[in-house]
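Undergrad: Mind looking over this structure? Questions follow.
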Number of protein chains: 2
Amino acid sequence: MYGTIRIERNPSCKTKPGQEENLGFGRHFTDHMFIMDYEEGQGWHDPRIIPYGPLSHDPAAMVFHYGQAVFEGLKAFRTDKEDIVLFRPDQNAKRLNRSCERLSMPALDEEFVVHAIQSLVRLDAEWVPRKEGSSLYIRPFVMATEAGLGVRASSRYSFIIIMSPVGAYYEEGLQPVNILVEGHFARAVQGGTGNAKVAGNYAASLNAQAVAKENNCAQVLWLDAIEKKYLEEVGSMNVFFKINGEVVTPSLSGSILEGITRKSIIHLLNEWGIPVKEQKIAIDDIVAAYENGTLEEAFGTGTAAVVSPIGSLLWQGKSMVINQGNIGELVQRLYDTITDIQFGRTSDTHNWLVSC
Amino acid sequence: MYGTIRIERNPSCKTKPGQEENLGFGRHFTDHMFIMDYEEGQGWHDPRIIPYGPLSHDPAAMVFHYGQAVFEGLKAFRTDKEDIVLFRPDQNAKRLNRSCERLSMPALDEEFVVHAIQSLVRLDAEWVPRKEGSSLYIRPFVMATEAGLGVRASSRYSFIIIMSPVGAYYEEGLQPVNILVEGHFARAVQGGTGNAKVAGNYAASLNAQAVAKENNCAQVLWLDAIEKKYLEEVGSMNVFFKINGEVVTPSLSGSILEGITRKSIIHLLNEWGIPVKEQKIAIDDIVAAYENGTLEEAFGTGTAAVVSPIGSLLWQGKSMVINQGNIGELVQRLYDTITDIQFGRTSDTHNWLVSC
Ligand SMILES: Cc1ncc(COP(=O)(O)O)c(C=O)c1O
Ligand SMILES: Cc1ncc(COP(=O)(O)O)c(C=O)c1O
């Protein structure tokens with residue numbers, strides 16, 4: 001598919017950040033990147049790995065004007081045996097194609113996408129950090145590159161993969177965060193782009209995020225745009241609640257991104273015999289559970305943090321403290337289980353790992 | 001404000017498209033572009049006009065990943081007296097700032113924006129075409145340029161202006177088009193970004209546009225995302241209807257872009273004593289008016305076409321032909337009036353024109 005990946009090695013590799021440096025998220029980039037072009041009539045072509053460096057685009061390139069761009073995010077982990085593994089990259093390739101379809105962009109061969117990721121990780125393997133909990137974040141993205149101002153699907157695209165070594169999301173172990181329930185701004189609506197990983201969704205979320213910060217909250221919990229009543233996601237994570245021994249998460253309504261962590265967690269809960277339901281969840285249901293003392297745990301889920309315990313929810317000026325602001329038993333178990341799989345500390349019985 | 005605009009002339013100017021060439025829309029670009037940078041702490045700085053040419057950005061530049069980008073569109077016209085004029089550029093500068101605010105981007109001095117446009121048009125004045133109905137399309141845009149993958153507002157931006165000579169939208173005079181009423185996809189929702197000129201809105205609209213084309217329609221008429229009942233916009237234009245002698249247009253509900261052409265048309269109608277109302281308009285109201293024979297005219301309005309008569313509306317498989325598919329009297333009068341002002345064929349009693 002698309003031919004052999006041509007490799008042009010970087011003659012002047014960067015100094016890697018030190019073991020003890022705080023890596024942060026997406027601030028350092030590795031020595032190489034993958035790139036492949038699309039042109040109408042010709043299809044995807046010229047896959048290559050080249051030195052990481054600036055992209056040059058006409059100022060009329062459509063990505064600058066009409067936001068025709070989608071992306072993915074996944075991680076490579078270094079196991080104790082010094083293997084380097086990816087977590088469910090096939091799922092990211094699949095979702096990338098769903099996102100492309102939503103924005104009228106050409107599909108990519110999913111196996112080739114995984115192959116491209118593997119090839120790039122292999123070349124920059126030394127960039128996969130060794131420090132406890134750290135990993136290599138991988139960012140595949142596709143964007144419209146045709147120069148032209150007519151509002152229509154571009155005839156040219158680039159598919160690019162860049163990579164960044166990242167620290168553990170919680171340097172000191174899991175840490176509950178405060179979350180603001182957002183009643184004004186909307187992230188997405190049925191018929192829109194909320195169920196795709198589309199660039200514009202994230203720009204649209206920045207204002208609400210700023211309001212959260214002002215309220216001493218780490219993120220917002222989005223409500224549905226139509227009735228401003230049903231829970232959707234928390235920041236860029238899916239959201240789960242444990243109420244009276246049962247786990248619930250909002251169903252995929254068309255405006256929610258289908259997280260790969262979400263999917264994996266539902267799988268694990270089923271395996272463990274813990275009841276889990278995908279359903280419509282009204283904010284009033286959460287308030288009621290809080291008030292009658294059955295709201296046991298709440299957490300976000302996503303590639304960056306795996307799970308993120310919610311310490312409190314701020315809604316209509318009132319703060320609902322969950323589990324006395326402590327890390328719940330379930331969220332800890334999920335975190336341990338998934339990170340143990342990712343770092344090869346337990347056997348990968350689900351075949352979720354793919355070697356590089 | 002921001003200091004003097006530094007000018008670096010293009011040593012190798014392009015050949016301009018010939019008088020008889022079909023210019024299309026946004027395909028040719030002039031010899032120069034304006035650019036100014038923003039950095040947190042420093043603010044907007046280094047305004048300059050330089051040769052039109054590629055922009056170089058880190059592959060992690062936020063605009064590629066999170067769609068933090070907004071734009072404007074306006075035109076420069078060459079009058080019979082060889083003056084070059086802009087149509088209400090102050091309104092574009094104002095709307096640009098509203099869009100920036102929605103995406104957590106830094107504001108621009110509005111007078112300076114107009115000054116930058118004027119300076120660029122003056123330098124590339126020979127690019128303003130002379131052919132009947134043609135003009136110079138001006139595209140100011142702002143985008144996030146910081147390299148980093150954290151989802152947050154960028155700390156760096158570029159404000160850029162590029163320009164493109166464009167032909168008359170209707171080479172052969174006004175031409176009614178077929179429009180598909182879109183019942184599935186959503187353009188925008190209250191609390192979202194529909195009332196700002198935000199890059200991602202346009203990528204989100206491409207799928208619906210493709211469905212319109214398949215149905216032999218030029219564009220879609222968007223319904224509100226909540227009830228799928230109320231009219232919003234037609235493609236990238238506002239929409240007006242003349243029903244029983246009265247003109248109606250959807251009110252600014254929070255999900256509709258406030259068009260400058262829309263505003264100008266409401267002003268003219270008021271002046272002419274033609275009743276015009278901004279209100280909620282259900283698609284059922286239009287069907288009812290069609291059925292009882294009072295639906296007299298329908299048209300879109302926007303900078304590109306000024307007005308665009310709607311020949312028919314396709315809704316739930318049925319086509320409603322409007323005014324027997326002919327150009328209505330009102331839409332023709334509006335078109336003539338506005339283009340006469342723009343091309344200096346009538347006096348600019350509203351002070352809508354600004355010279356370059
Ligand atoms: C909006 C949104 N929701 C949810 C998620 C979680 O998805 P995943 O578990 O695949 O990382 C992400 C991305 O990480 C996201 O951007
Ligand atoms: C979504 C949308 N609606 C309406 C309009 C019309 O606005 P204006 O009359 O200012 O060109 C535009 C842009 O031109 C637009 O992009």
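Undergrad: Could you please find all residues in segment A:133-151 being within 7 Å of chain B (Cβ to nearest Cβ) and either free of Cβ contacts under 8 Å to residues at least 40 places away in the same chain or open to solvent by less than 10 Å² (accessible area, probe 1.4 Å) (or both)?
TA: If the condition is that a residue be within 7 Å of chain B (Cβ to nearest Cβ) and either free of Cβ contacts under 8 Å to residues at least 40 places away in the same chain or open to solvent by less than 10 Å² (accessible area, probe 1.4 Å) (or both), then A:139, A:141, A:143, A:148, A:149, A:150 are the ones that fit.
Undergrad: Of all residues in segment B:195-221, which are free of Cβ contacts under 8 Å to residues at least 12 places away in the same chain, crowded, with 20+ Cβ neighbours inside 10 Å and more than 10 Å from every other protein chain (Cβ to nearest Cβ)?
TA: Hits for segment B:195-221: nothing passes.
Undergrad: Within segment B:156-173, restricting attention to residues that are open to solvent by less than 10 Å² (accessible area, probe 1.4 Å) and among the aromatic types (Phe, Trp, Tyr), which residue is farthest from ligand 1 (Cβ to nearest atom)?
TA: B:159
Undergrad: Kindly provide the set of residues from segment B:62-92 that are within 16 Å of ligand 1 (Cβ to nearest atom) and among the hydroxyl-bearing types (Ser, Thr, Tyr), ordered by number. Break it down stepwise before answering.
TA: As a first pass, look at segment B:62-92 and keep what is within 16 Å of ligand 1 (Cβ to nearest atom): B:62, B:64-68.
Result: B:66, single match.
Undergrad: Would you say residue A:94 is outside any loop (DSSP other than H, G, I, E, B), among the charged types (D, E, K, R), surrounded by 15 or more Cβ atoms within 10 Å (Cβ to Cβ) and within 14 Å of chain B (Cβ to nearest Cβ)?
TA: Here the answer is no, as residue A:94 does not meet what is asked.
Undergrad: Check every one of the strands (runs of 3 or more DSSP E) wholly within segment A:10-66 and list those with 2 or more residues that are under 25 Å from the mean Cα position of the chain (by Cα), farther than 22 Å from residue A:131 by Cα and assigned by TED's automatic domain parsing to the domain that holds residue A:115.
TA: Values: elements: A:32-39, A:43-51, A:55-57.
Ranges flagged: A:32-39, A:43-51.
Undergrad: A follow-up question, please. Can you name the residue in segment A:36-75 that is open to solvent by less than 10 Å² (accessible area, probe 1.4 Å) and more than 25 Å from residue B:159 (Cβ to Cβ) and is also farthest from the other protein chains (Cβ to nearest Cβ) among such residues?
TA: The residue in question is A:47.
Undergrad: Look at segment B:48-90 and say how many of its residues are closer than 18 Å to residue B:116 by Cα and in contact with a Lys or Arg (Cβ under 7 Å, 6 or more places away or on another chain).
TA: 7
Undergrad: May I pose another question? Looking at segment A:174-194 only, could you name the residues that are more than 9 Å from every other protein chain (Cβ to nearest Cβ) and open to solvent by less than 30 Å² (accessible area, probe 1.4 Å)?
TA: A:174, A:179, A:180, A:181, A:194
Undergrad: Filter the strands (runs of 3 or more DSSP E) completely within segment B:270-330 down to those with at least 1 residues that are touching a Phe, Trp or Tyr at 6+ places or on another chain (Cβ under 7 Å).
TA: Numbers: elements: B:276-279, B:295-302, B:306-315, B:318-321.
Here the list reads B:295-302, B:306-315, B:318-321.
Undergrad: I've got another one for you. Just for strands (runs of 3 or more DSSP E) wholly inside segment B:187-256: which have at least 3 residues that are more than 13 Å from ligand 2 (Cβ to nearest atom)?
TA: Working: elements: B:219-223, B:231-234, B:238-243, B:246-250.
Per the criteria, B:238-243, B:246-250.
Undergrad: Which one is farthest from the other protein chains (Cβ to nearest Cβ), of the residues in segment A:152-167 that are over 28 Å from residue B:29 (Cα atoms) and at pLDDT 95 or above? Even if it seems obvious, please write down each step before you answer.
TA: So the first thing to find is which residues in segment A:152-167 are over 28 Å from residue B:29 (Cα atoms), and the list is A:161-167.
With at pLDDT 95 or above added as a condition, the list becomes A:161-166.
Working: A:161: 9, A:162: 5, A:163: 10, A:164: 6, A:165: 12, A:166: 9 Å.
Of everything passing the filter in segment A:152-167, A:165 is farthest from the other protein chains (Cβ to nearest Cβ).
Undergrad: Only one residue in B:333, B:345 is of a type in the set (D, E, K, R) and either in a loop (DSSP other than H, G, I, E, B) or touching a Cys at 6+ places or on another chain (Cβ under 8 Å) (or both). Which one? Steps first, answer last, please.
TA: On the way: B:333 fails: either in a loop (DSSP other than H, G, I, E, B) or touching a Cys at 6+ places or on another chain (Cβ under 8 Å) (or both).
The match here is B:345.
Undergrad: Also: Right, residue B:27: among the basic types (Lys, Arg) and more than 14 Å from every other protein chain (Cβ to nearest Cβ) or not? Before you say what the answer is, go through the steps one by one.
TA: Values: among the basic types (Lys, Arg): yes; more than 14 Å from every other protein chain (Cβ to nearest Cβ): no.
Against the criterion (among the basic types (Lys, Arg) and more than 14 Å from every other protein chain (Cβ to nearest Cβ)), residue B:27 does not qualify.
Undergrad: When you check residue A:334 against the structure, is it away from ligand 1 (no atom under 16 Å from the Cβ), buried (at least 21 other Cβ atoms within 10 Å of the Cβ) and not assigned by TED's automatic domain parsing to the domain that holds residue A:76, yes or no? If you could, list the steps in order and put the result at the bottom.
TA: Details: away from ligand 1 (no atom under 16 Å from the Cβ): no; buried (at least 21 other Cβ atoms within 10 Å of the Cβ): yes; not assigned by TED's automatic domain parsing to the domain that holds residue A:76: yes.
So residue A:334 fails the test.
Undergrad: If you scan segment B:253-280, which residues turn out to be within 14 Å of chain A (Cβ to nearest Cβ) and over 17 Å from the mean Cα position of the chain (by Cα)? Give the steps one after another, and end with the answer.
TA: Of segment B:253-280, the ones within 14 Å of chain A (Cβ to nearest Cβ) are B:253-255, B:257.
B:253, B:254 - these are the residues of segment B:253-280 that are within 14 Å of chain A (Cβ to nearest Cβ) and over 17 Å from the mean Cα position of the chain (by Cα).
Undergrad: Follow-up. State which residue pairs qualify: first residue free of Cβ contacts under 8 Å to residues at least 60 places away in the same chain and inside segment B:82-104, second residue outside any loop (DSSP other than H, G, I, E, B) and within 14 Å of ligand 2 (Cβ to nearest atom) in any location, beta carbons under 7 Å apart, and separation of 6 or more residues or different chains.
TA: Pairs that qualify, where the first residue is free of Cβ contacts under 8 Å to residues at least 60 places away in the same chain and the partner is outside any loop (DSSP other than H, G, I, E, B) and within 14 Å of ligand 2 (Cβ to nearest atom), are B:100/B:70.
Undergrad: Return only the number of the condition from (1) without any contact (Cβ under 8 Å) to a residue 40 or more places away in the chain; (2) touching a Gly at 6+ places or on another chain (Cβ under 7 Å) that residue A:47 does not satisfy.
TA: Tallying (1) without any contact (Cβ under 8 Å) to a residue 40 or more places away in the chain; (2) touching a Gly at 6+ places or on another chain (Cβ under 7 Å), residue A:47 fails exactly one: (1).
Undergrad: Here is a follow-up. It is to be established whether one or more residues within segment B:247-268 are over 21 Å from residue A:149 (Cα atoms), surrounded by fewer than 21 Cβ atoms within 10 Å (Cβ to Cβ) and acidic (Asp, Glu).
TA: no
Undergrad: Examine segment A:270-278 for a residue that is in contact (Cβ under 8 Å) with a residue 24 or more places away in the chain, under 20 Å from residue A:234 (Cα atoms), open to solvent by less than 70 Å² (accessible area, probe 1.4 Å) and not assigned by TED's automatic domain parsing to the domain that holds residue A:25, and state whether such a residue exists.
TA: yes
Undergrad: Looking only at segment A:97-113, how many residues end up being touching an Asp or Glu at 6+ places or on another chain (Cβ under 9 Å), surrounded by fewer than 22 Cβ atoms within 10 Å (Cβ to Cβ) and of a type outside the set (S, T, N, Q)? Even if it seems obvious, please write down each step before you answer.
TA: Looking only at segment A:97-113, we keep the residues that are touching an Asp or Glu at 6+ places or on another chain (Cβ under 9 Å), and these are A:97-99, A:106-107, A:110-111, A:113.
When the remaining residues are screened for being surrounded by fewer than 22 Cβ atoms within 10 Å (Cβ to Cβ), the result is A:97-98, A:106-107, A:110-111.
Those still in the list that are of a type outside the set (S, T, N, Q) too: A:98, A:106-107, A:110-111.
So the answer is 5.
Undergrad: Among the candidates B:281, B:256, B:266, B:286, single out the residue that is without any contact (Cβ under 8 Å) to a residue 24 or more places away in the chain and more than 16 Å from ligand 1 (Cβ to nearest atom).
TA: Numbers: B:281 fails: without any contact (Cβ under 8 Å) to a residue 24 or more places away in the chain; B:256 fails: without any contact (Cβ under 8 Å) to a residue 24 or more places away in the chain; B:286 fails: without any contact (Cβ under 8 Å) to a residue 24 or more places away in the chain.
Checking each option against the conditions leaves just B:266.
Undergrad: What pairs come out if I take residues in segment B:232-252 that are within 14 Å of chain A (Cβ to nearest Cβ) and pair them with residues that are open to solvent by 30 Å² or more (accessible area, probe 1.4 Å) and in a strand (DSSP E or B) whose C-beta lies under 6 Å away, six or more apart or interchain?
TA: Note: pairs meeting the criteria are B:234/B:219; B:235/B:219.
The values are calculated or read from the model by the stated rules, or taken from the named source; none is laboratory data. Every value quoted in this text rests on a predicted model; they were computed, and no experiment measured them. Neighbour counts run over all protein chains shown; Cβ positions are idealised from the backbone, glycine included. We work out accessible area using only protein heavy atoms, side chains counted, and drop any ligands, DNA or RNA first. Shrake-Rupley method; radii C 1.70, N 1.55, O 1.52, S 1.80 Å.
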